[in-house]
Amino acid sequence: NEDLQTPDQIADIDKDDSGEADDEEELVPAYPENLEHIPLNFQKITIEESIKRSNEFYELLNKRRTVRHFSNDPVPREIIANIIKAAGTAPSGAHTEPWTYVVVSSMGIKEKIREIIEQEEEINYKKRMGKVWTTDLKPFRTNWIKEYLTEAPYLILVFKQMYSFKSNGQKKLHYYNEQSVSLACGLLIAAVHYAGLVSLTSTPLNCGPALRTLLERPMNEKLTLLLPVGYPANNCLVPDLKRKSLDKILIEM
Ligand code: IYR
């Protein structure tokens, strides 16, 4: 499956930590070679039920909108915990589960996050992004002032673990960590939506290291996504966007 190797993973393999143990070192797999395989828990449903469910699920997901204006109405922590558990069910390379979810509700920390992001985003919008990018973004009415970062009751910061360490100190490789965390983020935003809340999929440019330091995350972790979560503000507006129709996204052979 070499086509799916991301450049950072190829770089990992080029180094001498490609899974080839040093001569002296004993290779300790993360799971025992003789790991038990158990019967799949699978309940078959009727075709009619399957058609009904697939359509209902589509209609539910089709109601999800990215929201940029939040109310500060509180959200019980239990809902957030369930949402994170749902994200944590995502498939991952060699079941490495290469994700850490930092949930921020402290106003003090939200203010510090907002300060870091607004400072960088002002430079992004004015210098780094350039004319084409900022023109493409105009219809979405975004800018570097990000009230949602202090207004939303929760900020969920998803960190991708590029690697980790086994209990014996050996480096554990996290295969396809990019794809694994992206899959988890998809489940995360679907879980937020199903729980009756809204989110904003934000990827603050150039803020990763400063936010990692602020949140005291280790060097093996990289910020992938910052997701404000809560209820929408009263009279919240969203851009009048349309989704591509099936014939534009599906090729059948
Ligand atoms: N990160 C910036 C800019 C931005 C970029 C894209 I592509 C978007 O879809 C939305 C925003 C910001 O958060 O404002």
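Pop out the carbon and sulfur fraction of the accessible area of the chain as a percent, whole number, probe 1.4 Å. It would help to have the intermediate numbers written out before the result.
On the way: 9450 of 17280 Å².
On the chain, the fraction of accessible area on carbon and sulfur atoms equals 55 percent.
Leaving out ligands and nucleic acids, note down the accessible area per residue over segment 181-253 with a 1.4 angstrom probe, in whole Å².
Here the per-residue accessible area is 63 Å².
Which lysines does LYS110 reach when only Cα atoms under 21 Å apart count, and residues fewer than 8 places away in its own chain are ignored?
Counting by Cα, and skipping residues close in sequence, LYS110 has these lysines nearby: LYS146, LYS160, LYS222.
Amide H neighbours of GLY230 under 5 Å, at least 5 residues apart or on other chains, H built in the peptide plane: list them.
VAL198
Which helices count as membrane-span-like in the chain under these terms: full DSSP H, at least 20 Å along the axis by C-alpha, Kyte-Doolittle mean of -1.0 or more? Write down the numbers at each step before the final one.
Working: long enough: 47-62 (22 Å, -0.81); 107-123 (24 Å, -0.75); 177-194 (25 Å, 0.84).
Going by DSSP H runs, the hits are 47-62, 107-123, 177-194.
From the phi of every residue in segment 230-246, what ³J(HN,Hα) in whole Hz does the Karplus formula 6.51 cos²θ - 1.76 cosθ + 1.60 yield, where θ is phi - 60° and glycine or proline is x?
x, 9, x, 5, 4, 6, 4, 9, 10, x, 7, 9, 10, 9, 4, 6, 3
Would you mind pulling out the separation of the Cα centroids of segment 29-82 and segment 84-101, in Å?
13 Å
Determine, for each peptide in 120-132, 50-62, the mean count of other beta carbons within 10 angstrom over its residues, then list the peptides with the highest first.
Numbers: 120-132: 13.4, 50-62: 10.5.
My ranking of the peptides, most packed first, is 120-132, 50-62.
Per residue, what volume in Å³ does the Cα convex hull of the chain take up?
Cα convex hull per residue, to the nearest whole number: 208 Å³.
Go through 219-230, 158-169, 234-245 and give me the packing order, highest mean Cβ count within 10 Å leading.
219-230, 158-169, 234-245
Can you tell me the FRET efficiency between LYS138 and VAL238 if r is taken as the Cβ-Cβ distance and R0 is 22 Å, rounded to the nearest 0.05?
0.90
At 0.36 nm per residue, and after removing the present C-alpha to C-alpha distance, how many nm does the segment from ASN168 to GLU36 gain when stretched out fully?
Separation in residues times 0.36 nm, less the Cα-Cα distance, equals 45.2 nm.
Quote to one decimal, in nm, the extra length available between ILE251 and GLU48 on full extension: 0.36 nm per residue of separation minus the C-alpha distance between them.
Between ILE251 and GLU48, full extension yields 70.6 nm more.
Give me, ordered by chain and number, the residues 5 or more places off HIS69 or on other chains with an amide H under 5 Å from its own placed amide H.
ALA233
What number, in percent, do you get for the relative contact order of the chain if the mean sequence gap of Cα pairs under 8 Å and at least 6 apart is divided by its residue count?
28 percent
Mind checking which lysines have their C-alpha under 20 Å from LYS63, skipping anything on the same chain fewer than 8 residues away?
The qualifying lysines are LYS52, LYS242, LYS244, LYS248.
The values are calculated or read from the model by the stated rules, or taken from the named source; none is laboratory data. Because the structure is a prediction, the values reported are computed rather than measured. For neighbour counting, all protein chains shown are included, and Cβ atoms are generated from backbone atoms with ideal geometry for every residue, glycine included. Protein only, heavy atoms only, side chains kept; ligands, DNA and RNA dropped before computing areas. Shrake-Rupley method; radii C 1.70, N 1.55, O 1.52, S 1.80 Å.
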